[in-house]
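Worksheet: the structure to be examined is printed underneath.
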Amino acid sequence: MTTAFDPIDLSGLRLANRIAMAPMTRSRATADGLPTALTAEYYTQRASAGLIVTEGIQPSVIGQGYPNTPGLHTAEQIAAWRAVTDAVHAAGGRIFAQLMHTGRIGHPDLLPEGLVNVAPSAVAATGQVYTPEGPKDFVTPRELTDEEIQATIADFAAAARNAVEAGFDGVELHGANGYLIHQFLAPNSNRRSDGWGGSVAGRIRFAVEAVKAVAEAIGPERTALRLSPGNPFNSIEEPEPEPTYTALVDALDPLGLAYLHAVEVTPEAREVTTVLRKRFSGVFILSPATDGPTGPESLALVEDGTTDVIAYGQLFLANPDLPARLRAGGPFNAPDQSTFYGGGAEGYTDYPTL
C-alpha cells in the first residue's frame, strides 16, 4: 500500500514524501515585493515537506492584490528569492513558486499611481481588501483588451523564467480562489463575447494559453496548475463547474505537466475532484475539504488513491516539522490566526518543533 510517507517522482524530480506545504499568503515581504531573511528561515524550517508551494507571488506590478506580497518581476526580487531557494535546497527541500495574479481582487491603493485592477470583464467583486489606509471596497476593474491579455500571458511566462533563475524547482499557476485565471473560468466574472469568453472553450482559453506559455518557457515538467472548481470565494459563481474543468484538464493533460493541484471547499466538491483525478494522467495534489485545518486523518486519501500527494495549509504553518509529527501521530501546535498576515517572526518562524 502506498502511504503519504513514500517518495514520489514529479516529472523527474524526486520528492521525499507525498506531503506538500500548500501555498499561503503571509504578507511579510518588503514594500518592493522582496522576500526577506525571515522568509528564507520560514520555508527552510519546513523543508521536510515533499514539496513546498510558496505563497502567491505576483508576476507583474498590476498582479498584486494584497499588501506586502512578494513579486518575481524585478532583478532584485529574483536575487532575494535565490537566497530562499538556496536555503531550502541546502536543507534537502523541493520548492515551487506559486504565480498569482489577483485580477479584480485588490485595490488601486496597492498599485503604482494611475493603475487600476484588471479583469476579464468590468464586474466588481463584493467585499473589501486591506490597504495602507485600512479596509476598502473592491473597485470595478478595467476590462482587459485582447492585446493586454496576450501581454498578461507573457508576464506569466517571464515570471516563470525568473523563478527558474531564482532557483525554484518549478512554478504553480494559481487558477483557484477567485483570482485572475479563475475569473476567466467563471461565467459570472467573465462576461466577454469574444474569443476569451462566452462558451466553455472561450472561458478556459486564458488558462490554457497561460499554462502553455509557461510550459514553453521553462518546460512542462516544471509547470503546474492549481484549480478550485465551484469555489465561491471572492464572489465566484460556478453553478455547473464540471463541464468547464473537464474541458480544461482535457486540454492540458497532453502537455505532461508536473502536477495538477485541486482545492476543495465543500465535501460535495469531491465529485468533481474524482472526475478530474481520473482524467489527469500526471501527479495529482489535493487540498481536501475538511472541518477545520486538514488533519492527520487526511493521510488516508493517499492510501486509498484519492490523490497522489496531500497538501497541508494551516497545520504546516503551525508545525514546521509536520511530516515527523504526522508520522508520530502528533502532538500538533495550534495555528494562531491573529499572526497569519503581516508582522515579523511571531507566528511565522517561532512555532516549536518536536
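The values are calculated or read from the model by the stated rules, or taken from the named source; none is laboratory data. Note that the structure is predicted; figures quoted are calculated from it, not measured. Note: ideal-geometry Cβ built from the backbone for every residue, glycine included; neighbour counts use all protein chains shown. For accessibility, only protein heavy atoms count, side chains too; no ligands or nucleic acids. Shrake-Rupley method; radii C 1.70, N 1.55, O 1.52, S 1.80 Å.
General observations
- Any hit, the range 180-191, residues being under 27 Å from Glu240 (Cα atoms) and touching a His at 6+ places or on another chain (Cβ under 7 Å): yes
- Filtered residues of the range 33-74 (kept if out of contact with any strand residue (DSSP E or B) (no Cβ under 8 Å at 6 or more places or on another chain) and charged (D, E, K, R)): Glu41
- Which listed residue is modelled with pLDDT of 95 or more, of a type outside the set (Asp, Glu), open to solvent by less than 30 Å² (accessible area, probe 1.4 Å) and in contact with a Gly (Cβ under 8 Å, 6 or more places away or on another chain), from Gly178, Gly202, Gly170, Gly195: Gly202
- Test: residue in the range 143-152 that is hydroxyl-bearing (Ser, Thr, Tyr) and without any contact (Cβ under 8 Å) to a residue 40 or more places away in the chain: yes
- Residues in the range 205-247 that are among the aromatic types (Phe, Trp, Tyr) and open to solvent by less than 20 Å² (accessible area, probe 1.4 Å) were compared, and the one that is farthest from Arg277 (Cα to Cα) is Phe206.
- Among the residues of the range 96-117, none is identified as β-branched (Val, Ile, Thr) and in contact with a Ser or Thr (Cβ under 6 Å, 6 or more places away or on another chain).
- Residues (assigned to a loop (DSSP other than H, G, I, E, B) and touching a helix residue (DSSP H, G or I) at 6+ places or on another chain (Cβ under 7 Å)) located in the range 195-227: Gly195, Trp196, Gly197
- When residues in the range 85-99 are screened for being touching a residue at least 60 places away in the same chain (Cβ under 8 Å) and either among the aromatic types (Phe, Trp, Tyr) or open to solvent by less than 30 Å² (accessible area, probe 1.4 Å) (or both), 6 of them pass.
- Any hit, the range 89-100, residues being closer than 19 Å to Ile57 by Cα, of a type in the set (D, E, K, R) and out of contact with any Gly (no Cβ under 9 Å at 6 or more places or on another chain): no
- Residue match in the range 116-129 (condition: open to solvent by 20 Å² or more (accessible area, probe 1.4 Å), under 25 Å from Val53 (Cβ atoms) and in contact with a helix residue (DSSP H, G or I) (Cβ under 8 Å, 6 or more places away or on another chain)): yes
- So Thr102, is it open to solvent by less than 70 Å² (accessible area, probe 1.4 Å), among the β-branched types (Val, Ile, Thr) and at pLDDT below 95: no
Here is a yes/no grid of residues against (1) at pLDDT 95 or above; (2) among the small types (Gly, Ala, Ser); (3) surrounded by fewer than 19 Cβ atoms within 10 Å (Cβ to Cβ); (4) touching a Cys at 6+ places or on another chain (Cβ under 9 Å):
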site: Val309; (1), (2), (3), (4): yes, no, no, no
site: Asp336; (1), (2), (3), (4): yes, no, yes, no
site: Gly342; (1), (2), (3), (4): yes, yes, yes, no
site: Asp350; (1), (2), (3), (4): yes, no, yes, no
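- Of the candidates Ala207, Ala213, the single residue that is of a type in the set (Gly, Ala, Ser), over 19 Å from Asn231 (Cβ atoms) and at pLDDT 95 or above is Ala213.
- Summed over the range 284-300, the residues that are open to solvent by 20 Å² or more (accessible area, probe 1.4 Å) and more than 22 Å from Pro331 (Cβ to Cβ) give a count of 1.
- Tabulated pairs, the range 216-236, first in contact (Cβ under 8 Å) with a residue 60 or more places away in the chain, second open to solvent by 40 Å² or more (accessible area, probe 1.4 Å) and basic (Lys, Arg), C-beta under 6 angstrom, 6+ apart or interchain: Ala217/Arg161
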